[in-house]
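Please read the structure below before turning to the comments.
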Amino acid sequence: MAISSQSTVQALIDADQRVHAVLLYGSDDAIREGLARRLAQGWLCTSEALRPCGECDSCRAFEKGNSLDLRDVSPSGPQNLIRLQSIAEPSTRDPGDTTQPISEFVQRPPYKARRKVVLIHDADRMNSAAANALLKMLEEPLPRVAMILTVAAVGSVLPTILSRCLCVACASPSELDIANEMEQVLADGTQGRLDAVRSKTEFYTSLWSVFQNIERAPASAGLGIAEKFRAVASLYGGEQVPARVIQAEMLHSLGLWVRNTWPADVEARRLVAEAHRRVVGNVDFAIATDPMFCRLLVNANNSELSSRRQV
Ligand SMILES: [Zn+2]
């Protein structure tokens, strides 16, 4: 079903080397291509915690559009086709054609990334020579190479290629039945997260009210807010969930709130991501979150940033 495509993509990122080829299909270009980019970044990212982290060298290169470990292939030319020379070395080449085929790109190990990623947009626009060459590569996957194919509809792709890919339907997160801003932000477009938010109402509403205090608090209130934030952990519920998992989820939720509240504030996002990474890496919850909240509030009260946020 549609909505779960975002959580599926996250699961594929987490599955890491076990998945070699994914085909994302759906008629909404923005959603399909957005998920393809997220998956590509997630697979390139070298963070050990939540991927994509947005901070490692590999993520930064990806965001600047100059990752050496990513190869984008799109249809081109008057016929709008993906031709053989983009996929594998043709027997003859047009003079002046310097396209490096994917077959060559995948031979060297990644420079910075966890894996090399090949992203083929509109994969149904491959001519038959290109499709057959790609099929050969899909049949013999290389350990540190991942392929992502995107198409509007699966019906237009060779069945032999489909059978070698894990196919994921992409659809709009707006199909989620969202009741309020808290659900909108914390569900992050996935049914799985929305269900979790609804099943732990007290935990998430308490967390949400702490987040809302951050916006109004003076710069000196960091330690007090940090303490209120940590106290919410006890409301998570009676299951056998390790404390680290709850703490990581709290910081993940804070990250979603920060992203929604101050979308342009890179520093705020960095602070939360850093605390998340430290907690996942077994740093004490208070040691990771006290300085984070102090710096977050100073940052939020910085007048220059505040005025920029109002733009
Ligand atoms: Zn990263």
In region 174-194, what residues are outside any loop (DSSP other than H, G, I, E, B) and either closer than 26 Å to Ala129 by Cβ or among the small types (Gly, Ala, Ser) (or both)?
Ser174, Ala187, Gly192
Do we have Ser91 as within 16 Å of the ligand (Cβ to nearest atom) and either assigned to a loop (DSSP other than H, G, I, E, B) or closer than 30 Å to Glu274 by Cα (or both) here?
no
Members of region 241-272 found to be assigned to a helix (DSSP H, G or I), more than 13 Å from Ile214 (Cβ to Cβ) and free of Cβ contacts under 8 Å to residues at least 24 places away in the same chain, listed by number
Val245, Ile246, Glu249, Arg259, Val266
Asp29 passes all but one of the listed conditions (1) more than 13 Å from the ligand (Cβ to nearest atom); (2) under 16 Å from the mean Cα position of the chain (by Cα); (3) within 27 Å of Arg193 (Cβ to Cβ); the exception is number (2)
Test each condition in (1) more than 14 Å from the ligand (Cβ to nearest atom); (2) crowded, with 17+ Cβ neighbours inside 10 Å; (3) in a helix (DSSP H, G or I) for Leu23 and report the one that comes out false.
(3)
Name the strands (runs of 3 or more DSSP E) wholly inside region 103-173 in which the number of residues that are touching a helix residue (DSSP H, G or I) at 6+ places or on another chain (Cβ under 6 Å) and at pLDDT 95 or above is 2 or more.
116-120, 145-151
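If we keep just the residues of region 41-52 that are surrounded by fewer than 21 Cβ atoms within 10 Å (Cβ to Cβ) and of a type outside the set (A, V, I, L, M), which is farthest from the ligand (Cβ to nearest atom)?
Filtering first and then ranking leaves Glu48.
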Go over the candidates Arg38, Arg60 one by one and state the one that is within 16 Å of the ligand (Cβ to nearest atom), assigned to a helix (DSSP H, G or I) and free of Cβ contacts under 8 Å to residues at least 12 places away in the same chain.
Arg60
Could you check region 87-138 and list, in sequence order, the residues that are of a type in the set (S, T, N, Q), surrounded by 14 or more Cβ atoms within 10 Å (Cβ to Cβ) and more than 20 Å from Leu68 (Cα to Cα)?
Asn127, Asn132
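The values are calculated or read from the model by the stated rules, or taken from the named source; none is laboratory data. Treat the numbers as computed from the prediction; the structure is a model and nothing was measured. Backbone-built Cβ (ideal geometry, glycine too); neighbour counts: all protein chains shown.
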